[in-house]
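Heads up: the structure comes next, in structure tokens.
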Amino acid sequence: MESVAATVDAAEFADWTRPALVAMSRLARRLAPNADPDDVVQESLARAWQKRGQFDPARGTPTTWLLAIVADQARSARRSRVRRLRVVDDAAELPDAPARNDQPDVDLERAIDRLTERQQLAVHLHYFVGLGMDETAAVMGCSPGTVKSTLFDARTRLRRLLGDTDD
């Protein structure tokens, strides 16, 4: 049976993580679109619970720490999916990606998929999760200047991939 201290600790942990849940879910959807985002978030929360003693407020906010864990869990979910797909016979038809309602978003999604993993993470964190430069840097484990440079490179590549010739 759980002790009272464990129950209080669990309740405090739930209160501590609650403000980040929407951002965690949004990032999971962006980084692992073929995985169940709820599973990615759940695995992230389990990992955060196990590692809660390692959180260092000097290195970032609880949200940035949790988002870094989500990024790692999403990466694991993508790798796991790739391993499962390798078992499928090469001649078998693989399901297409979920259909999108409007073509421009599909083009953007495909273009984002062609960015480097680091560029994708920066784009997802900054533009889709809505983190500022400092928070994005904390999640990525780099400086805000590196985030700015990474986003600049990502935007440049996206313009080229999307055929934007306006310079």
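One table, with the values for the structure above:
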| item | result |
| --- | --- |
| Residue tally, condition over 14 Å from Gly141 (Cα atoms), in contact (Cβ under 8 Å) with a residue 12 or more places away in the chain and either open to solvent by 50 Å² or more (accessible area, probe 1.4 Å) or among the hydroxyl-bearing types (Ser, Thr, Tyr) (or both), over the stretch 118-128 | 1 |
| Members of the stretch 36-70 that are more than 17 Å from Gly141 (Cα to Cα) and under 12 Å from the mean Cα position of the chain (by Cα) | Pro37, Val40, Val41, Ser44 |
| Some residue of the stretch 56-66 being more than 17 Å from Asn34 (Cβ to Cβ), modelled with pLDDT of 50 or more, of a type in the set (Asp, Glu) and open to solvent by 60 Å² or more (accessible area, probe 1.4 Å) | yes |
| Qualifying residue in the stretch 95-103 (condition: modelled with pLDDT under 95 and assigned to a helix (DSSP H, G or I)) | yes |
| Residue in the stretch 67-84 that is touching a helix residue (DSSP H, G or I) at 6+ places or on another chain (Cβ under 6 Å), part of a helix (DSSP H, G or I), at pLDDT below 95 and polar (S, T, N, Q) present | yes |
| Test: residue in the stretch 1-9 that is more than 15 Å from the chain's Cα centre (by Cα), among the charged types (D, E, K, R), modelled with pLDDT under 90 and open to solvent by 80 Å² or more (accessible area, probe 1.4 Å) | yes |
| Per-region count, the stretch 9-62, residues under 19 Å from Gln120 (Cα atoms), in a helix (DSSP H, G or I) and either in contact with a His (Cβ under 8 Å, 6 or more places away or on another chain) or in contact (Cβ under 8 Å) with a residue 40 or more places away in the chain (or both) | 7 |
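The values are calculated or read from the model by the stated rules, or taken from the named source; none is laboratory data. Quantities reported herein were computed from a predicted structural model and do not represent experimental measurements. Cβ sites come from the backbone with ideal geometry, for glycine too, and all protein chains shown count toward neighbours. Remember, those area values only see protein heavy atoms, side chains included, never the ligands or the DNA or RNA. Shrake-Rupley method; radii C 1.70, N 1.55, O 1.52, S 1.80 Å.
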